[in-house]
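Worksheet for the structure shown next.
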Amino acid sequence: MSAFKALWVTENSEGGTTIEITERDSSALPAGEVLVQVSYSSLNYKDALSASGNKGVTRNYPHTPGIDAAGTVLESSVAEFNPGDEVICTGYDLGMNTCGGFAQQIRVPAAWLLKRPQGLSLREAMVLGTAGLTAALCVDKLEKAGVEPGQGPVLVTGATGGVGSVAVKLLAQLGYEVVAATGKEAEHELLLSLGASAVISRAELAANANKPMLKEQWAAAVDTVGGELLFNVVKSLKYGGSVACCGLTAGTNFNANVFPFILRGVNLLGVDSVELPLVVKASMWDKLSLQWKLDLSALVREVTLNELPAAIEQILAGQATGRTLVKLR
């Protein structure tokens, strides 16, 4: 048994949540084969929802959010992992209904863990985190659908967010012409510095939502926001184009029609990074550590556990950009 610090979310009498930094003991952690000393985590929109009491993410409180964690094995009851091994954990139930990475220790099933890819440090892995993994999965899915550089511009919605900003950087590095869409006018220069060839406003993207079809513009798209904006993207795809859909910050529903699908043969591709088989995650992490390795230093701000509650408020208010790295040690 050992003591460690953790972010602890409790429900309060007003129907909201209270966030504090508290000391816990490893004996209170859930069952699992591997105990990990966490060095880094990262802040994602889902973590902020969990911290604010969203029952669609976390059913039971008190709770520690954090869907990402990277650190060193302290104890293991399985042969695959030994004390001292450096590991990463993203997705599955971590930080949702299992105490997550916003703590200096986690205990998880061995089936959730990957050994740190050789081309990434623990810090670099969490600069990417679930957001970086999701961005890479989107790009990979587009390429498997036949999207190639030179076919035309690729749109990225929600481009200043975690997934969007990494997607802009990755697509540009791979030679694509990237157009970034954002509602944050002050961040246009950042997006251009990441490799976007142009930046458009959210209002421009949302225009003419009542029309059944729109002018062909995009060879492909990475959509991180969902809602009505997603269907405007679908209606604007070039013939045979594809959009990888991975987010819902603009809503979970949209009013669709079949015209883009049967007249232009476009593809709406769903992307999941949570319950993805571990072997697929491993393959993508290897890619991110080698041929798709990115310099994301311009996107990262680092916070401590004590600074994390303020960062959570910022992301809930729509004021966060890029990646927020959480240092636990």
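The values are calculated or read from the model by the stated rules, or taken from the named source; none is laboratory data. All values reported here derive from a predicted model rather than from experimental measurement. Ideal geometry is used to build each Cβ from the backbone, glycine not excepted, and the neighbour counts take in all protein chains shown. Each accessible area value is taken on the protein alone, full model and side chains, heavy atoms only, with ligands, DNA and RNA left out. Shrake-Rupley method; radii C 1.70, N 1.55, O 1.52, S 1.80 Å.
Considering only 79, 151, 308, the residue lying farthest towards the positive end of the dipole of the chain is 151, judged by Cα position with unit charges set on Cβ.
For the pair residue 304 and residue 203, what calculated FRET efficiency results from E = 1/(1 + (r/R0)^6), where r is the Cβ-Cβ distance and R0 = 51 Å, to the nearest 0.05?
It comes to 0.90.
Using the Kirkwood radius built from alpha carbon pairs, what does the Stokes-Einstein equation give as D for region 114-195 at 10 °C and 1.306 mPa s, in µm² per second? Calculated translational D: 119 µm²/s. What the Cα convex hull of the chain gives, in volume per residue, is 128 Å³.
Averaged per residue, what accessible area in Å² does region 157-302 show with a 1.4 Å probe, protein chains only?
Accessible surface, normalised per residue, equals 45 Å².
Across region 1-97, C-alpha contacts under 8 Å between residues 6 or more apart give a mean separation that, scaled by the residue count, equals a relative contact order of 28 percent. Near residue 105, the amide H atoms lying under 5 Å from its own belong to 38; only residues 5 or more places off or on other chains count, and H is placed 1.01 Å from N.
Of all DSSP bridge pairs formed entirely within the chain, close to 55 percent run antiparallel. Note on residue 286 and residue 145: the model spin-label points, each 7 Å out from Cα along the C-beta direction, lie 2.6 nm apart. Electrostatic bookkeeping for residue 302 treats Lys and Arg as +1 and Asp and Glu as -1; over the other residues with beta carbon under 13 Å from its beta carbon, the sum is +3.
Considering only beta bridges that DSSP places wholly inside region 1-143, some 95 percent are antiparallel.
Quick one: with all protein chains in place, what share of the accessible area of region 187-329 is carbon or sulfur, to the nearest percent (1.4 Å probe)?
On the way: 3650 of 6950 Å².
Ligands and nucleic acids excluded, carbon and sulfur give 52 percent.
When both region 40-55 and region 23-37 are represented by their alpha-carbon centers, they are found 20 Å apart. Taking each DSSP H run with n ≥ 4 as -39500 (n - 2.57) and averaging over every residue of the chain yields -8000 deg cm²/dmol at 222 nm. Database remark: amide H of residue 2 closer than 5 angstrom to the amide H of 26, 27 (H placed geometrically; neighbours at sequence offset of 5 or more, or on other chains; Pro and chain starts carry no H). Counting every C-alpha pair in region 164-279, the share spaced more than 26 angstrom apart comes to 18%.
Residues in region 215-223 carry Karplus couplings, in order, of 4, 5, 10, 10, 5, 6, 7, 10, 9 Hz; the curve used is 6.51 cos²θ - 1.76 cosθ + 1.60 with θ = phi - 60°, and Gly or Pro positions show x. Distance from the alpha carbon centroid of region 248-316 to that of region 115-170 works out to 7 angstrom. Rounded to the nearest 20 debye, the dipole size of the chain about its Cα centre is 580 debye, using +1 on the Cβ of Lys and Arg and -1 on the Cβ of Asp and Glu.
Positive end of the dipole of the chain (Cβ unit charges, origin at the Cα centre): among 236, 279, 39, the Cα lying farthest that way belongs to 236.
Each of the peptides 79-88, 307-316 was scored by the mean count of other Cβ atoms within 10 Å over its residues; in descending order, highest first, they stand as 307-316, 79-88. Volume per residue of the convex hull around the Cα atoms, evaluated for region 189-256, comes out as 98 Å³. Working from the Cα coordinates of region 1-137, the gyration tensor eigenvalues give, after taking √(5λ), semi-axes of 24, 18, 12 Å in decreasing order.
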